[in-house]
Amino acid sequence: MSNENTDQEYSLEDGQFLVKLARNSIIHYLTFDELIEQPKKTPEKFLQDSGVFVTLNKLEQNKSKSLRGCIGFPLPVYPLVTAIIQASKSAAIGDPRFPIVTIEELKNIVVEVTVLTPPQELKVNDPKEYLQKIKIGRDGLIVRNGIRSGLLLPQVPIDWGWNVKEFLEHTCNKADLPKDCWKDSKTTIKSFSGIIFQEEEPNGKVVQEEI
């Protein structure tokens, strides 16, 4: 599935619903220590299985952003509405890289939702072909070798200014593998695309991010 198809399926109004649900899910869990119930007027399209990631970025005093949590489901194993509720809670309290988010902190946190297309394995005869097949700004990557795997979202190489080779290397590192593992014939690489909705400011206007 391409980004174009994703754009046709999810409008800005849809994105506003999803980001609001993500924020409300976090507030509810931190307040009551339980998952929020699925909204009664959930659109039918959100009952379809979909991969999704919820990212929390802390807005610093100089207006820069720093990652505060990011958890999701790369594969469409849950209905989108369920995946959002689960991933939001986990991004706030279950990312092992960070302490648990507090209610007070949410005043300075921007919520971002990335709805994913199903990952597709990239078939190559020579690993060098990956450098032509992968497009920065369109593709997210999943690298797997044995029991180790790592995933980076499409917006990550844009944020860091990486080229395709660097993107591959950092995804290998994310899997706790050598940075050149993408050249190993035993390594499988899958790509996926996504559509990103995020708050412009904490609990503010929701926009679609262009990458």
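Determine which member of the set 26, 36 is of a type in the set (Val, Ile, Thr), at pLDDT 95 or above and either closer than 22 Å to residue 149 by Cα or in contact with a Phe, Trp or Tyr (Cβ under 9 Å, 6 or more places away or on another chain) (or both). Working first, answer last.
On the way: 26 fails: either closer than 22 Å to residue 149 by Cα or in contact with a Phe, Trp or Tyr (Cβ under 9 Å, 6 or more places away or on another chain) (or both).
The match here is 36.
Comparison of 163, 203 shows that the only residue that is of a type in the set (S, T, N, Q) and out of contact with any strand residue (DSSP E or B) (no Cβ under 9 Å at 6 or more places or on another chain) is 163.
Being in contact with a Gly (Cβ under 6 Å, 6 or more places away or on another chain), more than 20 Å from residue 207 (Cα to Cα) and modelled with pLDDT of 95 or more is true for just one of 101, 143, 124. Which residue is that?
Among 101, 143, 124, only 143 is in contact with a Gly (Cβ under 6 Å, 6 or more places away or on another chain), more than 20 Å from residue 207 (Cα to Cα) and modelled with pLDDT of 95 or more.
Which residue out of 115, 81 is within 19 Å of the chain's Cα centre (by Cα) and closer than 14 Å to residue 196 by Cα? Step through it out loud before you land on a result.
Numbers: 81 fails: closer than 14 Å to residue 196 by Cα.
Residue meeting the stated conditions: 115.
Does residue 118 satisfy the criteria of being out of contact with any strand residue (DSSP E or B) (no Cβ under 6 Å at 6 or more places or on another chain) and within 16 Å of residue 52 (Cα to Cα)?
On the way: out of contact with any strand residue (DSSP E or B) (no Cβ under 6 Å at 6 or more places or on another chain): yes; within 16 Å of residue 52 (Cα to Cα): yes.
Taking the combined requirement at face value, the residue satisfies it.
Only one entry in 88, 50, 66 is among the polar types (S, T, N, Q) and without any contact (Cβ under 8 Å) to a residue 40 or more places away in the chain, namely 66. When residue 130 is tested against (1) closer than 30 Å to residue 16 by Cβ; (2) touching a residue at least 40 places away in the same chain (Cβ under 8 Å), just one condition goes unmet, and that condition is (1).
In a residue-by-residue description of the range 46-66, the property of being part of a helix (DSSP H, G or I), aromatic (Phe, Trp, Tyr) and over 17 Å from residue 19 (Cα atoms) applies to no position. Looking only at the range 88-128, residues that are assigned to a helix (DSSP H, G or I) and in the same structural domain as residue 31 (by TED's automatic domain parsing) come to 10 in all.
Criterion first (surrounded by fewer than 18 Cβ atoms within 10 Å (Cβ to Cβ), out of contact with any helix residue (DSSP H, G or I) (no Cβ under 9 Å at 6 or more places or on another chain), closer than 23 Å to residue 138 by Cβ and touching a residue at least 40 places away in the same chain (Cβ under 8 Å)) does residue 12 satisfy it?
Working: surrounded by fewer than 18 Cβ atoms within 10 Å (Cβ to Cβ): yes; out of contact with any helix residue (DSSP H, G or I) (no Cβ under 9 Å at 6 or more places or on another chain): yes; closer than 23 Å to residue 138 by Cβ: yes; touching a residue at least 40 places away in the same chain (Cβ under 8 Å): yes.
When the stated conditions are applied, residue 12 passes them.
How many of the residues in the range 127-162 are of a type outside the set (Lys, Arg) and farther than 29 Å from residue 65 by Cα? Adding up the residues that qualify gives 8.
Picking from residues in the range 22-44 that are in contact (Cβ under 8 Å) with a residue 24 or more places away in the chain, in a helix (DSSP H, G or I) and surrounded by 15 or more Cβ atoms within 10 Å (Cβ to Cβ), the one that is nearest to the chain's Cα centre (by Cα) is 22.
Out of 139, 184, 176, one residue alone is acidic (Asp, Glu), surrounded by 21 or more Cβ atoms within 10 Å (Cβ to Cβ) and not assigned by TED's automatic domain parsing to the domain that holds residue 84. It is 139.
State yes or no: is residue 90 at pLDDT 95 or above, more than 22 Å from residue 209 (Cα to Cα) and among the small types (Gly, Ala, Ser)?
On the way: at pLDDT 95 or above: yes; more than 22 Å from residue 209 (Cα to Cα): yes; among the small types (Gly, Ala, Ser): yes.
Criteria met by residue 90.
The values are calculated or read from the model by the stated rules, or taken from the named source; none is laboratory data. Because the structure is predicted, anything quoted here is derived from the model rather than measured. Heads up, the Cβs are rebuilt from the backbone with ideal geometry, glycines too, and the neighbour counts pull from every protein chain shown.
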